[in-house]
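The values are calculated or read from the model by the stated rules, or taken from the named source; none is laboratory data. These numbers come from a predicted model, not from an experiment. Don't worry about glycine lacking a Cβ; one is built from the backbone with ideal geometry, like all the others, and counts go over all protein chains shown.
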Amino acid sequence: MRHYENLVIVKPAMTAEEIQAVIKNVEETITSNGGEIAATDAMGMRKLAYPIEKNERGYYHVIYYSVAPAAIAEIERRFRINEDLLRFVTIKYDTNREVAAWKNLVEKAKKAAVAPAKEETPAKEETPAEEAPKAQETTEAAAE
């Protein structure tokens, strides 16, 4: 099992639910070919460097996974068939140094996935309200 990273760019003319369905289909393609997904990173809607099929924007999604090298050909074939993908790129991490970098990227992606979940809790929403009076006090003290 080797370590790989796939960046896929999904067409922007879809609803959020349709985009998530396409991403789920991409992940199922990887797992159905014996891959084990370590982490994913939804980068969101971004402007493309140049128009692709008359699209100025695209939804970026990165998937980190391990799979047998023989399965990559089938995974990429299915990506080429998928009309909802504008582009994809597969990166292989081969040497010990690259594998260490892959593990570091996986950890960052996992932390990034946990961070939005923490922001949704009510405790985080109360924190900015508490900080606002402190900032005002500091301003008043500086004015005196």
By residue number, the members of the range 44-75 that are loosely packed, with under 14 Cβ neighbours inside 10 Å, in contact with a strand residue (DSSP E or B) (Cβ under 8 Å, 6 or more places away or on another chain) and within 23 Å of VAL99 (Cβ to Cβ) are ALA68, PRO69
Applying the selection to the range 22-33, what residues are of a type outside the set (Val, Ile, Thr), under 22 Å from TYR93 (Cβ atoms) and exposed (fewer than 15 other Cβ atoms within 10 Å of the Cβ)?
SER32
For the range 76-85, what are the residues that are hydrophobic (A, V, I, L, M, F, W, C) and surrounded by fewer than 15 Cβ atoms within 10 Å (Cβ to Cβ)?
ILE81
What residue, among those in the range 86-111 that are part of a strand (DSSP E or B) and basic (Lys, Arg), is surrounded by the most Cβ atoms within 10 Å (Cβ to Cβ)?
ARG87
Residues (within 17 Å of ILE37 (Cβ to Cβ), of a type in the set (Gly, Ala, Ser) and not in a helix (DSSP H, G or I)) located in the range 53-79
SER66, ALA68
Say whether the condition of being of a type in the set (A, V, I, L, M), part of a loop (DSSP other than H, G, I, E, B), in contact (Cβ under 8 Å) with a residue 40 or more places away in the chain and out of contact with any Cys (no Cβ under 7 Å at 6 or more places or on another chain) is met by at least one residue in the range 41-52.
no
Would you point out the residue of the range 40-60, among those that are of a type outside the set (D, E, K, R) and in contact with a Gly (Cβ under 9 Å, 6 or more places away or on another chain), that is nearest to LEU105 (Cα to Cα)?
TYR60
When the range 20-40 is checked residue by residue, the ones that are assigned to a helix (DSSP H, G or I), closer than 21 Å to ALA112 by Cβ and not acidic (Asp, Glu) are GLN20, VAL22, ILE23, LYS24, VAL26, ILE30
Inspect all residues belonging to the range 3-26 and state whether any of them is under 13 Å from the mean Cα position of the chain (by Cα), of a type in the set (Gly, Ala, Ser) and either at pLDDT below 95 or within 17 Å of LYS110 (Cα to Cα) (or both).
no
Identify, please: which residue in the range 1-19 is part of a strand (DSSP E or B) and β-branched (Val, Ile, Thr) and is, among those, surrounded by the fewest Cβ atoms within 10 Å (Cβ to Cβ)?
ILE9
